[in-house]
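S.K.: Got a structure here, written out as C-alpha cells. Questions coming.
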Amino acid sequence: MDAVKTTLDYYQRNANVFVEGTLSADMHDAQKRFLNMLKPQAYILDFGCGSGRDAIAFLSRGYRVDAIDGSPELCRIASELIGNPVKQMLFDELSSINQYDGIWACASILHIPKRELVDVLRKISDALKDSGVLYTSFRYGSFEGMRRGRYFIDLTEDTLRKLMEEVPSLQIIDTWITDDVRPGREERWLNTLARRV
C-alpha cells in the first residue's frame, strides 16, 4: 500500500470536512514564534497549506506567501479562501533553491514515511535562504503507520533530534509541546523551529 497515495486520497474525499475542522484552529502562538524570527515582508512557503488558514494569516500581516498542497481539492478550496493560486505539488517535488526566508510546515510533513522524511528535510533546507527558518509540527509520540485513513509519523524530542542530525544544515532552535487547539481533540503536538546554517 502506498502510504502517500492513500493519505492524499483521504484528503481528496474529506477535503470539506477537513477544512471545516481546521480553518478556525487558533495557531496564533506558533505563528507569532515563527514570524518573530523573520523580517517584515519576508517570503514564506506554506508547505502543505490545507485550508489555507496560515497563509491567510501571513498575507494579512504583509508577508509574501507561496502555498502548496498535495490534494487538488484542498488546493481548489484554499485558493478560493486565500484569494491566490495554491500550487498542487507533492512534498518530494520541492526543487526551490535559496528562495524562502521561512517555510511553514504545520502538521503536514508528518504524513511522509520516515525513510523519505530526511530527503524532504534536505529539500526544505535547500529551499531556505541562509539563516532561513523552518517551523514544523508532529503529533507527540512514537507511532508510525496508518491511522484513520492517513499515514502518520509521530515524534518525541529525542526522535526529532536524531532525525535532524541527518540534516546538519538545519539546526534546531526551539521545541515545545502543545495541546491540540481543536475543540474535543486530546492529541499533543511537538512543535519545532529550526534555522538553516
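Every number in this text was worked out from the coordinates using simple rules, so none of it is lab data. Nothing here was measured: the structure is a model prediction, and the numbers come from that model. Heads up, the Cβs are rebuilt from the backbone with ideal geometry, glycines too, and the neighbour counts pull from every protein chain shown.
S.K.: Any chance you could count how many residues in segment 129-174 are assigned to a strand (DSSP E or B), of a type outside the set (A, V, I, L, M, F, W, C) and closer than 27 Å to R13 by Cα? It would help to see each step written out before you state the result.
M.R.: Within segment 129-174, the subset assigned to a strand (DSSP E or B) is 129-140, 144-147, 150-153, 155, 170-174.
Keeping just the survivors that are of a type outside the set (A, V, I, L, M, F, W, C) gives 129-132, 135-137, 139-140, 144-145, 147, 150-151, 171, 174.
Applying the additional criterion that residues be closer than 27 Å to R13 by Cα yields 136-137, 139-140, 144-145, 147, 150-151.
Result for segment 129-174: 9.
S.K.: While we're looking at this one, here's another question. What about D54, is it in contact (Cβ under 8 Å) with a residue 40 or more places away in the chain, surrounded by 22 or more Cβ atoms within 10 Å (Cβ to Cβ) and in a helix (DSSP H, G or I)? Can you show your working first?
M.R.: On the way: in contact (Cβ under 8 Å) with a residue 40 or more places away in the chain: yes; surrounded by 22 or more Cβ atoms within 10 Å (Cβ to Cβ): yes; in a helix (DSSP H, G or I): yes.
So D54 passes the test.
S.K.: Further, regarding this structure: Can you tell me which residues in segment 94-125 are assigned to a loop (DSSP other than H, G, I, E, B), over 18 Å from T159 (Cβ atoms) and among the aliphatic types (A, V, I, L, M)?
M.R.: L94, I97, listed by residue number.
S.K.: Among the residues of segment 89-110 satisfying the criterion of being within 22 Å of L38 (Cβ to Cβ) and of a type in the set (S, T, N, Q), which is surrounded by the fewest Cβ atoms within 10 Å (Cβ to Cβ)?
M.R.: Let us first name the residues in segment 89-110 that are within 22 Å of L38 (Cβ to Cβ), namely 91, 94, 96-109.
Those left that are additionally of a type in the set (S, T, N, Q): 96, 98-99, 108.
Numbers: S96: 14, N98: 11, Q99: 16, S108: 20.
So, considering only residues that are within 22 Å of L38 (Cβ to Cβ) and of a type in the set (S, T, N, Q), the one surrounded by the fewest Cβ atoms within 10 Å (Cβ to Cβ) is N98.
S.K.: Any chance segment 58-76 includes a residue that's assigned to a loop (DSSP other than H, G, I, E, B), surrounded by fewer than 21 Cβ atoms within 10 Å (Cβ to Cβ) and among the hydrophobic types (A, V, I, L, M, F, W, C)?
M.R.: For segment 58-76, residues assigned to a loop (DSSP other than H, G, I, E, B), surrounded by fewer than 21 Cβ atoms within 10 Å (Cβ to Cβ) and among the hydrophobic types (A, V, I, L, M, F, W, C): absent.
S.K.: Do you know which residues across segment 77-88 are more than 14 Å from N16 (Cβ to Cβ), out of contact with any Gly (no Cβ under 6 Å at 6 or more places or on another chain) and crowded, with 18+ Cβ neighbours inside 10 Å? Steps first, answer last, please.
M.R.: If we filter segment 77-88 for residues that are more than 14 Å from N16 (Cβ to Cβ), which is where we start, we get 79, 82-88.
Now restrict to residues that are out of contact with any Gly (no Cβ under 6 Å at 6 or more places or on another chain): 79, 83-88.
Once the filter is applied, which keeps residues that are more than 14 Å from N16 (Cβ to Cβ), out of contact with any Gly (no Cβ under 6 Å at 6 or more places or on another chain) and crowded, with 18+ Cβ neighbours inside 10 Å, segment 77-88 yields S79, V86.
S.K.: When you go through (1) within 19 Å of A194 (Cα to Cα); (2) touching a residue at least 24 places away in the same chain (Cβ under 8 Å) one by one for L81, which number turns out not to apply?
M.R.: L81 satisfies every listed condition except (1).
S.K.: Just checking, how many residues over segment 16-51 are within 17 Å of the chain's Cα centre (by Cα) and outside any loop (DSSP other than H, G, I, E, B)?
M.R.: 17
S.K.: Additional query: Of the residues V197, V181, only one is farther than 19 Å from Y63 by Cβ and out of contact with any strand residue (DSSP E or B) (no Cβ under 6 Å at 6 or more places or on another chain); which?
M.R.: Values: V197 fails: out of contact with any strand residue (DSSP E or B) (no Cβ under 6 Å at 6 or more places or on another chain).
Matching residue, one of V197, V181: V181.
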